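Nothing in this text is a laboratory measurement; each read-out follows from the coordinates by a stated rule. This is a predicted model, so every value here is computed, not measured. Here the Cβ is made from the backbone with ideal geometry for all residues, glycine too, and neighbour counts use every protein chain on show.
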Amino acid sequence: MTKQKFVLKEEARNYVLKKSGCLWRTSKSRLNALIDAHDNKHDRIAACPKDMNRPMWKIFVRKHSSHEYQKKESSDPSSITRSNVWVKGHMKENVKPRECKTIQEIKDTAAESSSSSLQDDAISQVFGTEHPGHVRGVGFGVTPSQMGILSESKEKVVQLERQVEKLSRKVSSIEPVREEMQDDIRQEIQEAIREEMHGVVREQMQQHILEKKRCKSKLSLCRI
């Protein structure tokens, strides 16, 4: 569309196309967030932006709410690597033999290595170290330093999730022990109560016997 609607100088063409793609993705993300903020179709349609055609907005909402779209969005994001993105972005009908060779090399390298690190993933192994200003396969405007921060944050999140899972397993293993201890304590308390009751009954019986003996003694003295 950019090529059809705008006359661009050759040196500016690559930048404008990348910038347009970045703005398009940002706009789509904003619209998706607007839809996700509402729970039902009626409210989503009512939230149509002022600068958007309402019939087109209805189509967008219907597509976003469809079962196919939801199924696609619910897939595991961790399975999407920048190698996958790069390969899919360069798969086209008129792909050059040189690009075909590069694509196959990336696929083979990715199959042999499971690393997602910016330093040694399939893209880095094939193309070498990234340039300071951009990163292949992650979109316009992302730098290696930003990717490093994101990767570090993601790794910390994974570590925290593992710790939570480990603690959950520990709590689950402790629960039966806790219940068993509660049963033992309950039984000991019941036993102590029974013994106490028996002691009270014995004491009352002994007092009753002594009282009867006193009465007999008094009766004997009266007869004398």
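Can you give the net charge of the other residues whose Cβ lies under 9 Å from the Cβ of C48, counting K and R as +1 and D and E as -1?
+4
Which pairs in the list K28/K88; K28/K107; K19/K41; K50/K88; K18/K88; K28/K58 are over 24 Å apart, alpha-carbon to alpha-carbon?
Violating the 24 Å limit, Cα to Cα: K28/K107; K19/K41; K50/K88.
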